[in-house]
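We did not get these values from a lab; they are worked out from the coordinates using the rules stated. Not measured: the values here are computed from a predicted model. Methodologically, a virtual Cβ is constructed for each residue, glycine included, from the backbone with ideal geometry; neighbour enumeration extends over all protein chains shown.
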Amino acid sequence: MGSGFVDILRFVIDLYAAILIVRLLLQLVQADFFNPLSQSIFKVTAPIVEPLHKIFPNLGRFNIAALMAAILVKWSFYVVMMILGAISPQNLPLFLFVSSLSLLGTLIEIYFYGILVVAVSSWIGTLDHPTVRLVNQVIDPYMKPFRNIIPPIGMIDISPMVAILTLMFARAQILPLLNGLI
């Protein structure tokens, strides 16, 4: 198979795993379920998450089934690569761990772009848009400690910049350290 096929497959799998993580976050923060974007995410992820609920029940608001679905979806890339002969079957258990760790990078990306969406929306005055409100609900638990520690400077809130720098540090320093353990 060509490199283009592998790249497209990886992109589709990574995108779906990110949507599964967003579902997990939406349930964790109890975001607006009636938002059209929320409903779309729940409908797109239901075929995989709902059967897993029988095996992995929720732990309070934490949807273990959505997390396991995201891990299995990420791992499915390596299963396909094994079927195509690109990796050996002995490495599949290791790639299950790699898939789990890569979701940490996905989570960082979700928060990174979520903060950017809310920051840009605040500049152009579209914070009342339903999608922006939903994104704000998802990133608010991450942003709250930064907002509590860093007061606004006049009309300027620099806490999103510090939060983004923290995410960039985690992506540049902590993720490679964790990947080095493998």
Report the local net charge at Ser38: Lys and Arg +1, Asp and Glu -1, summed over other residues whose C-beta lies under 13 Å from its C-beta. +2
Which value results for Rg/Rh of the range 61-153 when Rg is the Cα radius of gyration and Rh the Kirkwood radius based on the inverse mean 1/r? 1.16
Dipole of the range 3-180, Cα-centred, from +1 at each Lys and Arg C-beta and -1 at each Asp and Glu C-beta, to the nearest 20 debye? 260 debye
Cβ under 15 Å from Val73's Cβ, Val73 left aside: what net charge do those residues give with Lys, Arg +1 and Asp, Glu -1? +1
Roughly what angle does helix 64-83 make with the longest principal axis of the chain, taking Cα atoms, 0 to 90 degrees, to the nearest 10? 40 degrees
Highest average packing first - 20-27, 47-54, Cβ atoms within 10 Å: 20-27, 47-54
Using only Cα atoms and rounding to the nearest 10 degrees, what angle (0 to 90) does helix 130-149 make with the longest principal axis of the chain? 70 degrees
Can you give the translational diffusion coefficient of the range 1-142 in µm²/s, computed by Stokes-Einstein from the Kirkwood radius over Cα pairs at 37 °C and 0.692 mPa s? 201 µm²/s
In degrees from 0 to 90, rounded to the nearest 10, what is the angle of the helix 92-124 Cα long axis to the longest principal axis of the chain? 20 degrees
Mean ellipticity per residue at 222 nm, deg cm²/dmol - from DSSP H runs of n ≥ 4 across the chain, formula -39500 (n - 2.57): -25000 deg cm²/dmol
So, over other residues within a Cβ distance under 14 Å of Val98, counting Lys, Arg +1 and Asp, Glu -1, the net charge is +1
